[in-house]
1. Looking at this structure, is residue 98 closer than 30 Å to residue 184 by Cα and either open to solvent by 30 Å² or more (accessible area, probe 1.4 Å) or in contact with a Leu (Cβ under 8 Å, 6 or more places away or on another chain) (or both)?
2. Condition first: touching a Pro at 6+ places or on another chain (Cβ under 9 Å) and more than 27 Å from residue 20 (Cβ to Cβ). Can you find one or more residues in segment 93-100 that meet it?
3. Examine segment 45-58 for a residue that is outside any loop (DSSP other than H, G, I, E, B), open to solvent by less than 20 Å² (accessible area, probe 1.4 Å) and without any contact (Cβ under 8 Å) to a residue 12 or more places away in the chain, and state whether such a residue exists.
4. Within segment 44-86, can you find the residues that are modelled with pLDDT under 85 and either at negative phi or touching a Ser or Thr at 6+ places or on another chain (Cβ under 9 Å) (or both)?
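The values are calculated or read from the model by the stated rules, or taken from the named source; none is laboratory data. What you see is a predicted model; the values in this text were computed from it and never measured. We place every Cβ from the backbone using ideal geometry, glycine too, and count neighbours over all the protein chains shown. Calculation scope for accessible area: heavy atoms of the full protein, side chains included, ligands and nucleic acids excluded. Shrake-Rupley method; radii C 1.70, N 1.55, O 1.52, S 1.80 Å.
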Amino acid sequence: MTALFEYLPLILFFLVYKVVDIFWATAVLVGISLLQIAYQYFTQDKISTKTWVFCVIALFLGGMTIIFQDEQYIMWKTTAIYGLLAAALVISRFIFNKNLVKTALLSMLKTAAEKQGEKEFKVEVPKSVYEKLNTIWFVFLISIAILNLYVAYNFSLDFWVNFKVFGLAIATFIAVLLTIFRIFEYLPDGFQEQENKK
């Protein structure tokens with residue numbers, strides 16, 4: 001359900017683009033982003049920082065796209081988001097001494113363990129592994145940010161939309177799988193057995 005909630009704007013963007021055009025698709029993207037803000041507020045009494053940031057970027061670049069009838073603005077949205085995420089990894093690590101990849105991984109694994117009925121979840125991953133993963137994710141995010149602009153300015157609008165919707169989703173999914181694979185040996189035996197049965 002959470003995954004659908006996060007990917008709903010992208011799915012509707014793609015569908016509306018295919019049926020109408022990039023400007024209507026952008027308007028839908030902006031509208032759905034605002035609805036996500038409202039949904040989180042009324043169901044959780046708070047709005048996550050990530051949702052706020054994504055919504056503000058969508059509003060600004062989407063608004064510019066619609067006002068000036070120029071799709072280049074919305075093409076920058078992916079680069080802006082991935083660039084900000086990369087910056088967040090560096091700033092958190094070197095200014096606040098916090099590894100965001102570690103935080104995200106532990107949160108994801110804890111949620112998975114709770115769904116399997118585990119009351120307590122503890123995993124001991126060496127700090128060096130988390131540091132390498134943080135660096136790898138930084139390189140990945142920056143690469144996507146740059147690649148998005150390359151595709152946007154060197155290929156057709158249709159190609160860019162397909163790249164944005166399918167290419168980035170597949171690339172991110174693979175990156176997440178490889179990350180989990182990297183720390184798999186450190187997971188508790190019971191958790192590994194549950195994962196192997198899937």
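1. Working: closer than 30 Å to residue 184 by Cα: yes; either open to solvent by 30 Å² or more (accessible area, probe 1.4 Å) or in contact with a Leu (Cβ under 8 Å, 6 or more places away or on another chain) (or both): yes.
In short, yes.
2. For segment 93-100, residues touching a Pro at 6+ places or on another chain (Cβ under 9 Å) and more than 27 Å from residue 20 (Cβ to Cβ): absent.
3. no
4. Listed by number, the residues that qualify are 44, 46, 47, 48, 49, 50, 51.
Residue-by-condition table, conditions (1) of a type in the set (Phe, Trp, Tyr); (2) in contact with a Cys (Cβ under 9 Å, 6 or more places away or on another chain); (3) open to solvent by less than 40 Å² (accessible area, probe 1.4 Å); (4) part of a helix (DSSP H, G or I):
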site	(1), (2), (3), (4)
62	no, no, yes, yes
66	no, no, no, yes
70	no, no, no, no
73	yes, no, no, yes
76	yes, no, no, yes
83	no, no, yes, yes
